[in-house]
Amino acid sequence: MAKTFILKVAKVTYSPNAPFMVRIPPGLWQIEGQKKKFFAKESVAKAYKDRLARLTVNYQLQAAALSDAQRMEAFECFAKLEPLGASLRAAVDHYVAYLEKAGKSIDVRGFYAEFLANKEQDGVSRRYVADLRSKLGRFSGEFGTRLVCDITSQELDAWLRGLVVNVTSRDAYRRNIGVMFEMARQRGYCTQNPAADIRFKHRLKGEVTILTASQGRRLLQECVSDLVPYIAICAFAGLRPTEAASLDWADIHLDSGQIEVKARHSKTRRHRLVPIQPNLKAWLEIYSKESGTIGFSRRKFRDAYRNAGFAEWPLDVLRHSFGTYRLPILKSAESLALEMGNSPDVIFRHYRRAMDETTAAAYFNIQPRDRFRPALRIASNLGDDSLSEEFIDRQCRNTPALLDTDRRKAA
């Protein structure tokens with residue numbers, strides 16, 4: 001039989017500084033936040049006991065005033081919460097907190113538009129905005145009507161893993177979504193960033209993929225002429241893909257042998273000058289223009305690397321190839337970091353490997369005539385002597401369109 005609870009002030013000996021104790025009724029434990037309270041003065045303890053007695057009576061009167069429907073609803077709630085070990089008060093507090101949070105939130109589609117507008121106002125590059133629009137637009141199409149605060153890490157992780165893309169692209173989606181949700185968190189639309197703790201398996205830190213000289217040569221042989229400057233600049237000057245695609249021909253100074261990467265195009269937002277290697281100069285002299293963008297086409301680039309024998313394109317492989325082959329030639333991580341726009345620590349971590357100067361020099365000896373030698377061999381096998389080394393040398397001083405026309409004719 002359960003003991004009857006008696007509300008009273010008791011004097012204890014184990015708390016000499018506060019010897020007067022009041023045990024709190026079980027029904028008031030959550031309200032008071034404790035089961036008993038100690039006081040130094042008996043009068044204060046009695047006043048506290050009287051307050052608890054009044055609270056108990058008030059709650060009893062309020063409970064008696066509940067309608068039959070309210071009592072039944074309470075009993076149903078108790079029955080549902082009991083297997084979970086949760087109290088009715090905890091459930092109500094949680095739901096009230098959710099309603100307050102939801103009232104401050106916004107649907108994903110609405111915040112997606114707000115986020116893009118904010119980034120455009122910040123003056124980020126058009127390429128970055130296009131990437132955000134592509135990836136976040138796909139996310140918004142799936143979760144557009146949901147509140148931002150309702151998106152969980154579990155369902156976001158499941159959605160990302162359901163995308164039919166490689167791990168690098170999947171992580172790019174996660175990164176962009178994470179940037180968007182971080183802004184949502186800062187604006188009070190959600191209390192936490194669901195993308196923050198999601199991780200995908202990557203290559204080992206510091207391990208990068210590079211092209212061999214023959215693979216680099218093959219890529220330049222397979223690409224169309226208007227893509228050659230972009231590939232050559234990435235491969236032989238080490239620019240980041242977005243930096244190269246953002247270049248204007250006015251930024252390429254063949255007379256002084258430098259490529260100017262402006263701060264607004266640089267990942268680090270720092271201006272830098274990159275030296276033009278002799279073989280790169282030979283490539284750029286053929287394709288150079290007075291002005292206009294260098295030019296990049298994702299579709300044409302995909303066709304080129306697939307024709308060159310790559311099923312998937314390794315992340316930043318042209319830049320990694322440049323850094324790996326350039327380091328044994330320069331023999332200075334600081335100098336290479338200055339050219340590539342990063343730090344000596346990154347140079348050591350990514351590009352320091354067993355590499356002899358002969359192999360490195362072979363990479364930087366890929367010349368424009370290498371782009372047309374396959375056509376020369378095909379013509380020779382067919383008994384057509386109209387193409388020769390001397391003929392290719394002459395054509396290397398003509399326009400890219402003529403070069404491609406002669407190459408297709410020979411093939």
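The values are calculated or read from the model by the stated rules, or taken from the named source; none is laboratory data. Bear in mind that the values here come from a model prediction, so they are computed numbers and not experimental data. Please note: Cβ atoms are built from the backbone with ideal geometry, for glycine as well, and neighbour counts cover all protein chains shown. Heads up: the accessible areas ignore ligands, DNA and RNA and are worked out on the full protein's heavy atoms, side chains in. Shrake-Rupley method; radii C 1.70, N 1.55, O 1.52, S 1.80 Å.
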Query raised in the report: Which of the lysines could a cross-linker bridge to LYS41, judged by Cα under 21 Å and excluding same-chain residues fewer than eight apart?
Result: LYS8, LYS11, LYS49
Query raised in the report: Using θ = phi - 60° and the Karplus form 6.51 cos²θ - 1.76 cosθ + 1.60, what ³J(HN,Hα) does each residue of the stretch 246-252 get, whole Hz, x for Gly and Pro?
Result: 8, 5, 10, 4, 5, 7, 9
Query - Accessible surface, 1.4 Å probe, highest first, among residues HIS320, HIS94, HIS350 - result: HIS94, HIS350, HIS320
Query raised in the report: Roughly how many percent of the accessible protein surface of the chain is carbon and sulfur, given a 1.4 Å probe and a whole-percent answer?
Result: 52 percent
**Report entry** Pair LEU66, VAL167: separation of 7 Å Cα→Cβ label points (nm)
**Finding:** 5.5 nm
Query - DSSP-assigned coil residues among trypsin sites (Lys or Arg not before Pro) in the stretch 158-260, each with at most 12 further Cβ atoms within 10 Å - result: ARG199, LYS201, ARG203, LYS205
Query - Å² of accessible area per residue within the chain, as computed with a 1.4 Å probe and no ligands counted - result: 58 Å²
Requested in this report: Multiply the residue separation of ALA361 and LYS331 by 0.36 nm, subtract the distance between their alpha-carbon atoms, and state the gained length in nm to one decimal.
Outcome: 9.5 nm
Report task. Give the accessible area for ASP50 in Å² (nearest 10); use a 1.4 Å probe, count only protein heavy atoms, and leave out ligands, DNA and RNA. Result -> 70 Å²
Query - Span-rule helices in the chain, defined as complete DSSP H runs reaching 18 Å or more along the axis (Cα) with Kyte mean at least 0.0 - result: 317-330
Requested in this report: Using P(r) over Cα pairs in 20 Å bins from 0, in percent as the read-out, say which of (1) 23, 47, 26, 3; (2) 27, 58, 15, 0; (3) 19, 35, 20, 15, 9, 2 was calculated from these coordinates.
Outcome: (3)
Report summary line: Largest-first ranking of VAL96, VAL261 by accessible area, probe 1.4 Å, whole protein assembly kept, is VAL96, VAL261
Report task. Please calculate the 1.4 Å probe accessible area of LEU147, with all protein chains present, and give it to the nearest 10 Å². Result -> 50 Å²
Query raised in the report: Given only helices, namely DSSP H runs of n ≥ 4 each adding -39500 (n - 2.57), what is the per-residue ellipticity at 222 nm of the chain, to the nearest 500 deg cm²/dmol?
Result: -17000 deg cm²/dmol
Report task. Provide LYS36, LYS101, LYS80 ordered by accessible surface of protein heavy atoms (probe 1.4 Å), highest first. Result -> LYS80, LYS36, LYS101
